[in-house]
Each structure stands twice: as C-alpha cells, then as structure tokens.
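The values are calculated or read from the model by the stated rules, or taken from the named source; none is laboratory data. Treat the numbers as computed from the prediction; the structure is a model and nothing was measured. For neighbour counting, all protein chains shown are included, and Cβ atoms are generated from backbone atoms with ideal geometry for every residue, glycine included. Surface areas here come from the heavy atoms of the whole protein model, side chains and all, with no ligands, DNA or RNA. Shrake-Rupley method; radii C 1.70, N 1.55, O 1.52, S 1.80 Å.
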Amino acid sequence: MSEKVPGESPLFRAAADVHVDATPLQVYSVVSDLGRSGDWSEECVGGEWVEGEPATVGAVFRGENHREKDVVAWAPVVRGSWSTRSEVIAAEPGVTFSWAIQDSAGRAQESVWTFAIEPDGTGSRLIHHFRMGAATEGIRGITAEMDAEQKQKFFADWGAKLEKDLAATVKRIKDVIEGEFKS
C-alpha cells in the first residue's frame, strides 16, 4: 500500500486488481490503448500518441488530464486541466504494459503506472500498479513550501487518493472490457 513517510522509497506504491471475463490478450488490447483512458481513469480524459509506434516500448503518449477542486483540497496540486507526457517502458501483449511520466526535459521519472495481466480461470486477473520511487518534478513543486508535518499529511492523503483511484479504475476497465468481449 502507500508509503506515507517522506524520504523513504518508494514515496507512493498502490495497486488494485479485478477478475475480468476476457482473455489476457483481449484485456491487453484495451489497457494498452492509452487514448481510451478517459473511459476508465479518474484523471486522464484521453490523449494521443506523439512519438513512436503506439503502445510499444519507447513510444510517447501525451495525456490530457482533469482534476476537480476538492481532490486533496488543502494541498497546492494542479487543478482543472493539464497534460503529461509518458514513455512506454514495458509492452508484452497479454502480460504487462507500463509507462513512466516524463519530466519537463523529456526524461522518464520514477513515476510508473503498470497493468499486469495473468490468466485467471476462464478469464484474466488485471492488476493496476502505481509506484513512485523518488519525488517527481511535480511532487517537489507541491511540497517545496511544506514543513515536515504538512509533507507527512500530504503523502498520507495523496496515497489514500491513489488507492481509491486505482480501485475505481480497474472496476471501470472490467466493465468496459466485459461489455466489448461478451461471449
């Protein structure tokens, strides 16, 4: 679950999983299509591939995001709409799909999102992971003016938000996939 103490690694770690009535390749075909993220994500409303062959290692996706004002309302996080650039770092059909958020210079940060897929009876187990090893540009900016107590509260509150978001995301993905691949 989430690490809540600033300075420890990883800063954030969260995961959620769900059984999906579809094959691992069917699940992969949906979750690796990041342009469809708006169908299931709490914040990503879509986007487009801007470099490389879509959904392959090294490809870059520009995600369009939106966050409501009440999300960890006390913290100075981005509100409204913004975009991110993410680089695919793992793409094994039917098994795993991962991407790392890039910094403003285009370097992959230790902010990694992963879909892992395993056979599970007649369907699949979809596990959605998030891990942030070291503070990203964004986290450093958010916490720059915080004292130690505020940072600890932020890491706890943001970790709880991540866990809630991942659980909601896998539920929505399950609904999308099962709607598309009904037997």
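The simple spin-label model puts a point 7 Å past each Cα toward its Cβ; for D33 and K171 those points are separated by 2.4 nm.
In terms of its C-alpha gyration tensor, region 12-54 has an oblate overall shape, because the principal axis ratio a/c (a ≥ b ≥ c, square roots of the eigenvalues) is not below 1.5 and a/b does not outweigh b/c. Our note on the geometry: Cα centres of region 57-78 and region 93-168, 11 Å apart. Scalar couplings 3J(HN,Hα) for region 53-63, obtained by applying the Karplus form with A = 6.51, B = -1.76, C = 1.60 to θ = phi - 60°, are 7, x, 6, 10, 4, x, 5, 10, 10, 9, x Hz; x denotes Gly and Pro.
When Cα extents along the principal axes in Å is calculated directly from the model, which label among (i) 65, 32, 27; (ii) 54, 32, 28; (iii) 116, 105, 27 fits? Computed from the coordinates, Cα extents along the principal axes in Å corresponds to (ii).
Across the chain, the longest run free of exposed loop sites, meaning trypsin sites (Lys or Arg not before Pro) lying outside DSSP classes H, G, I, E and B with no more than 15 other Cβ atoms within 10 Å, spans 108-181. Per-residue 3J(HN,Hα) values for region 92-102, derived from phi via the Karplus relation 6.51 cos²θ - 1.76 cosθ + 1.60 with θ = phi - 60°, read 10, x, x, 10, 7, 9, 9, 9, 10, 6, 8 Hz in sequence order (x marks Gly and Pro). With the biggest extent put first, the Cα atoms of region 81-183 measure 54, 28, 25 Å across the principal axes. Computed over the chain with a Gaussian network model linking Cα atoms closer than 10 Å, the most mobile of V57, V45, V72 is V72. Here the Karplus relation 6.51 cos²θ - 1.76 cosθ + 1.60, evaluated at θ = phi - 60°, turns the backbone of region 67-81 into coupling constants of 10, 6, 5, 8, 6, 6, 4, 6, 8, x, 8, 4, 10, x, 9 Hz, with x for every Gly and Pro.
Label separation (A75 vs F181): 3.4 nm, computed from points 7 Å beyond Cα along the C-beta direction.
Within the chain, what is the longest stretch that has no GluC sites (Glu not before Pro) placed in a DSSP loop and near at most 11 other beta-carbon atoms within 10 Å? Counting at most 11 other Cβ atoms within 10 Å as exposed, the longest clean stretch of the chain is 69-144. The stretch between T56 and A144 holds 28.2 nm of extra length on full extension. This uses 0.36 nm per residue minus the Cα-Cα distance. Springs between Cα atoms under 10 Å define the GNM used for the chain, and in it the highest mean-square fluctuation of P76, P93, P54 occurs at P76. Spin-label pair E68-L25: with each label point 7 Å from Cα along the Cα-Cβ axis, the two points sit 4.0 nm from one another.
Using a 1.4 angstrom probe on heavy atoms only, work out the carbon and sulfur share of the accessible area of region 134-183 in %. Show your work: numbers first, answer last.
Numbers: 1410 of 2800 Å².
It is 50 percent, rounded to a whole number.
Please give the per residue accessible area of the chain, computed with a probe of 1.4 Å over protein heavy atoms only, in Å². About 50 Å² of surface per residue is accessible.
Computed across region 32-78, the Kirkwood hydrodynamic radius from all distinct Cα-Cα pairs reaches 11.9 Å.
Helix 148-180 axis versus longest C-alpha principal axis of the chain: approximately 20°, rounded to the nearest ten.
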